[in-house]
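Below is one structure; the comments refer to it alone.
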Amino acid sequence: MKKILQNLPIWLISLFIGIILPLIFHKKSFDPVLLPRLLGLSILVFILIITYFYFVWKQKINFQPTKKMLLLLIVMTGYILSSFISSFNAINFSEGIFETVKSSTIIMFFIFIVIAVNYNWKNINILIKSILILSLVIISIGIYQLSKVDFKEAIGHENYMAYYYTKALLVVKSTLALKNLFSSALFLSLPYLIFGVIFYKKYWRIISIILLVISLCFIIMLIARAVWISLAVSVVCGILLTLIYYIKKQDLWKIFIENKIKSFTISIITISIIGTIFYTFSYSELRFAMIFRDKVAELTDFQAYKQENIINAKRQTSTQTRLLAWYRSYKMFKENPIIGVGPGNWRVNLPKYGLHGYKKEIEYGKQNFQRAHNDFIWVLCETGIIGLFFYLLIFIIPLYFLLKNIFSSENKETRILSILLFSSLFGFMLLSSIDFPKERIIHNVLVFSGIAITISLKNENNKNIINIKKSRFLIFLIICFVISLISLKFNREKVKGGIHAAKIWALYIPNQRWDLVIREAKKINDKYYFINPNSTPIAYQTAIGKYSMNRLDDALKDFEIAYKHHPYHLTLLGNYATCYARLGNRDKAIQLYKEALDISPYFPDVLVNLAIVYYNQRKIEEAYDIIRKCGYDKKNKKYLQALEEILVKKIALIYYKNPNNKELQKRIIELLKNKPKLISIYKKSLDKNIPFENLIISNTNK
């Protein structure tokens with residue numbers, strides 16, 4: 001019992017990682033895992049702080065940091081400070097502080113792992129085994145979900161088979177919210193599984209082997225291309241490091257000669273496996289192999305990655321959409337190169353740089369960006385060059401330490417674990433450049449556990465130890481305690497807000513229960529939660545509710561609040577302008593409509609509404625020029641009605657401009673009586689890209 005109490009922190013951490021973390025799931029929350037898991041992590045950090053306060057008071061703690069830990073701590077502090085400073089440049093300051101507190105919580109978790117491990121191999125093994133248990137839990141859930149998948153639809157489609165296969169597998173996500181996140185979490189657990197296969201005995205080795213095989217099968221099956229690339233690079237990296245180590249030691253040929261049969265057998269088996277896999281996925285007519293080839297072909301079509309080709313693509317892929325977001329993110333960075341737009345504010349600022357060229361769902365405001373799908377671009381845009389510099393160092397410094405361990409440590413376990421962690425961390429950095437693991441709690445726990453182990457490895461040189469006074473450690477704990485309280489408050493309110501926001505989004509808005517939308521929104525603390533994960537302000541949803549209930553003055557107040565939170569939200573701008581128009585303030589409505597068109601120049605709803613406002617102001621030429629940008633949409637009744645009325649006024653202007661052309665005037669009078677004919681001539685002018693009035697006059701002359 002006494003030993004358990006002495007090692008209480010590492011057992012608490014291991015229990016949280018292995019059992020609690022993967023099972024934290026709140027299905028009523030907007031994102032069922034992100035905020036609930038962050039709250040769980042905050043609670044763990046708070047408990048660890050209290051535990052260490054007790055240990056200091058009882059003088060039972062004997063932790064002495066090393067120079068490399070202090071170096072990493074300085075870098076992490078630099079990143080936190082840069083995030084905090086960037087928050088003052090944010091549209092949403094509160095969101096910036098929340099993201100800063102979130103990063104601080106993860107970093108405190110890392111520090112407490114290092115303190116709990118205390119450079120002890122026994123504690124390192126406890127930590128690794130907790131990750132094996134985490135893998136077991138999420139894989140078990142994944143297997144159950146896979147058993148429920150129906151592949152009949154995918155098999156029945158010869159065209160777009162890869163699309164339907166991927167769609168069928170969307171439910172296989174374990175408790176990671178998305179299948180790609182499930183795949184990347186499995187990838188990050190691989191070094192610990194491989195370590196278990198090599199060094200553990202009996203049932204731990206058997207468990208490690210089984211989990212390793214299933215993890216690799218899932219990674220291949222789930223077709224997360226970012227994970228495929230990261231895994232391939234990690235494998236190559238691990239092999240190269242091993243070869244370089246033995247070449248440097250001049251043992252490679254010696255090992256091969258001394259173990260001829262074993263080396264030859266391993267070589268033949270390896271070549272056979274690689275050859276079989278290559279042949280299967282390159283030439284086989286198996287459906288999975290065909291799907292694999294389709295995905296690889298899409299990935300290697302580099303011409304499709306050019307900005308002009310993305311904009312002109314008939315069917316924009318998800319990869320192209322992300323790349324276009326990166327091109328636009330560069331514009332964001334150029335405007336805010338030093339301190340960025342503030343943590344958590346990338347999604348708010350991106351529409352400012354234009355939505356034209358994206359697929360229609362995005363260009364017309366039906367979908368909003370949530371994340372950059374590139375953590376480094378994300379950090380660069382939100383915290384500027386300074387923030388990115390510190391963020392990169394958080395991973396580059398451990399990579400350097402691991403390299404030193406690989407080529408200087410005489411301990412086999414240390415060396416192999418260092419190779420595995422180096423390969424994994426290098427792969428994680430690549431994964432971060434094409435996905436968003438930074439956002440996710442399990443991914444952060446896996447990565448920072450690895451960095452904590454890195455700091456704890458190879459501590460034979462006592463000169464690296466730094467004696468720290470009890471008073472300084474207490475000051476550190478007090479700072480952590482304050483940050484932890486802030487984190488708990490933020491996360492608690494965020495989780496509560498997410499539950500209410502989910503009801504509004506998924507239940508009340510689709511059923512147009514505007515009274516319930518307004519009532520539910522009142523339960524949300526708007527100091528902490530004011531934008532849902534779909535980048536839509538809560539105030540905008542209540543504004544729509546009040547507008548629909550004809551409470552225009554109240555709606556306008558909510559629109560103003562929503563506009564402050566997200567001034568580049570496309571549908572918000574359009575509806576905000578319409579509210580002003582209905583209240584009679586047409587000039588303000590025109591201003592807001594133009595702001596919307598700066599973001600999406602061909603958004604039909606805004607174009608039609610702006611044309612109507614111009615029409616009501618008797619600015620017929622302006623109204624005509626605007627509605628012409630819509631093209632021709634025979635399914636849009638509001639557009640057709642506005643078009644007809646504008647065309648009537650348009651040809652009336654032609655009538656009065658040509659008082660001496662009796663034949664033309666007669667023709668115009670006939671068209672005023674024959675609206676379908678009028679629309680037909682207009683449509684012809686669009687199809688042939690000829691001015692409408694030219695067709696009216698030329699038809700008359702004939």
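Placing dummy labels 7 Å off each Cα toward the beta-carbon, the span from ARG551 to LYS27 is 3.3 nm. When both segment 397-413 and segment 420-447 are represented by their alpha-carbon centers, they are found 20 Å apart. A straight chain from ILE475 to LYS527 at 0.36 nm per residue would run longer than the Cα-Cα distance by 15.8 nm.
Need one number for segment 524-673: average projected area of the convex hull over its C-alpha atoms, nm².
Hull-based average projected area comes out at 10.6 nm².
Which one of SER86, ASN660, TYR528 has its Cα pushed farthest toward the positive end of the charge dipole of the chain, where Lys and Arg give +1 and Asp and Glu give -1 at the Cβ? Towards the positive end, the residue furthest out is TYR528.
Measuring against 32 Å, Cα to Cα, the residue pairs LYS173/LYS494; LYS594/LYS666; LYS331/LYS634 contain LYS594/LYS666; LYS331/LYS634 as the ones spanning a longer distance. Please list, by residue number, everything in segment 355-389 whose backbone N is under 14 Å from a paramagnetic label point 7 Å out along Cα→Cβ of GLN307. Answer for segment 355-389: 355-358. Taking θ as phi - 60° and the Karplus parameters 6.51, -1.76 and 1.60, the scalar couplings of segment 384-394 work out to x, 4, 4, x, 5, 4, 5, 5, 5, 5, 4 Hz in sequence order, x denoting glycine and proline. In the context of the full protein assembly, LYS557 retains an accessible surface of approximately 120 Å², using a probe radius of 1.4 Å and ignoring ligands and nucleic acids. Extension gain for TYR400 to ARG582 (0.36 nm times residue separation, less C-alpha to C-alpha distance): 59.2 nm.
Go ahead and run the numbers for FRET between ASP625 and SER698, Cβ-Cβ distance against an R0 of 25 Å, rounding to 0.05. Computed FRET efficiency for ASP625 and SER698: 0.75. Per residue, the chain exposes 48 Å² of accessible surface when a 1.4 Å probe is rolled over the protein heavy atoms with every protein chain present.
Leaving ligands, DNA and RNA out of it, report the carbon-plus-sulfur percent of the accessible area of the chain at a 1.4 Å probe. On the chain, the fraction of accessible area on carbon and sulfur atoms equals 61 percent. Taking 7 Å steps out from each Cα toward its Cβ at LYS564 and GLU644 produces label points 4.4 nm apart.
How high is the FRET efficiency between GLN591 and ASN636 when r is their beta carbon distance and R₀ equals 22 Å, given to the nearest 0.05? It comes to 0.35. In this simple spin-label model, placing a label point 7 Å from the Cα along the Cα-to-Cβ direction at both LYS677 and VAL56 gives a separation of 9.1 nm.
When the helices of the chain are scored as -39500 (n - 2.57) per DSSP H run of n ≥ 4 and the total is divided over every residue, the value at 222 nm lands at -23500 deg cm²/dmol. Binning the alpha carbon pair distances of the chain at 10 angstrom intervals from zero yields the distribution 3, 12, 20, 22, 17, 11, 7, 4, 2, 1, 0, expressed in whole percent. Here the gap between LYS248 and PHE376, fully extended at 0.36 nm per residue and compared with their Cα-Cα distance, gives a gain of 42.7 nm. In a simple Cβ point-charge model (Lys, Arg +1; Asp, Glu -1; nothing else charged), the chain has a dipole of about 760 debye relative to its Cα centre. Evaluating 6.51 cos²θ - 1.76 cosθ + 1.60 at θ = phi - 60° for every residue in segment 11-19, the Karplus couplings come out as 6, 4, 5, 5, 4, 5, 5, x, 10 Hz, glycine and proline recorded as x.
The values are calculated or read from the model by the stated rules, or taken from the named source; none is laboratory data. Just so it is clear, the model here is predicted, and its values are computed rather than measured. With ideal geometry, Cβ positions are generated from the backbone for all residues, glycine too; neighbour counts draw on all protein chains shown. All accessible areas refer to the heavy atoms of the entire protein, side chains included, with ligands and DNA or RNA removed. Shrake-Rupley method; radii C 1.70, N 1.55, O 1.52, S 1.80 Å.
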